[in-house]
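Q: Once you've had a glance at the structure underneath, I'll fire off some questions.
All of the numbers you see were taken from the coordinates with simple rules; none came from a lab. Quantities reported herein were computed from a predicted structural model and do not represent experimental measurements. In this analysis, Cβ positions are derived from the backbone assuming ideal geometry, glycine residues included, and neighbour counts consider all displayed protein chains.
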Amino acid sequence: MPEDHFEVGILVARQRLKGPWASHAWLPVAALPAAAEAAPWTKLSETEDEATFYAGAYEVSLHPAETAHYRDNLVSGRPSLWVCLRSTGDEAYEVASVTADPYEGEAMAEGIGEIVEAVPMPPEIQAKLLAFFEAFHVERRFEKRKRDRADPEALARRAPGTRERSE
């Protein structure tokens with residue numbers, strides 16, 4: 001039976017900005033196929049313009065009702081995980097959510113004050129997602145509903161100046 005949840009490690013970069021309103025920006029940049037041994041917010045590298053941190057591990061949950069969404073992600077040409085960072089105070093962030101569902105990732109991006117980025121999905125995670133899809137996907141046939149025909153008498157006009165009384 002394929003896994004319905006697994007941990008990924010998240011890498012985040014603090015990039016220097018040249019604008020007058022902010023000195024830097026935080027961006028999720030990568031996902032690791034498993035949690036790392038490092039403590040959360042361990043600095044991995046630093047240059048003059050960017051510092052990269054291991055933000056910690058996050059559990060990704062898969063749901064059988066979303067298998068069509070996972071398929072869309074896998075065949076997109078650039079399979080991704082959507083990572084959401086939430087501010088916890090002055091200059092501090094936490095990984096709020098990670099999903100493999102592209103539509104949920106799009107919905108997360110509508111939040112105010114949260115940073116959402118699509119990062120490349122590691123091949124190991126792609127294999128887990130494909131196994132989950134193959135085990136649980138059920139193709140549902142699309143059936144277009146037919147509208148009820150309008151009642152022509154319900155659309156009839158009343159004579160001008162007459163009102164309907166409700167008693």
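Q: Residues in the range 123-146: is at least one within 17 Å of the chain's Cα centre (by Cα), in contact (Cβ under 8 Å) with a residue 12 or more places away in the chain and part of a strand (DSSP E or B)?
A: So the first thing to find is which residues in the range 123-146 are within 17 Å of the chain's Cα centre (by Cα), and the list is 125-126, 129.
Narrowing the set further to residues that are in contact (Cβ under 8 Å) with a residue 12 or more places away in the chain leaves 125-126, 129.
Subset that is part of a strand (DSSP E or B): none.
No, the conditions are met nowhere in the range 123-146.
Q: Wholly within the range 1-102, which strands (runs of 3 or more DSSP E) include no fewer than the required count, namely at least 3 residues that are surrounded by 18 or more Cβ atoms within 10 Å (Cβ to Cβ) and touching a helix residue (DSSP H, G or I) at 6+ places or on another chain (Cβ under 8 Å)? Walk me through how you get there before you give the answer.
A: Numbers: elements: 5-16, 24-32, 42-46, 50-61, 80-89, 92-99.
Once the strands (runs of 3 or more DSSP E) in the range 1-102 are filtered for at least 3 residues that are surrounded by 18 or more Cβ atoms within 10 Å (Cβ to Cβ) and touching a helix residue (DSSP H, G or I) at 6+ places or on another chain (Cβ under 8 Å), what remains is 80-89.
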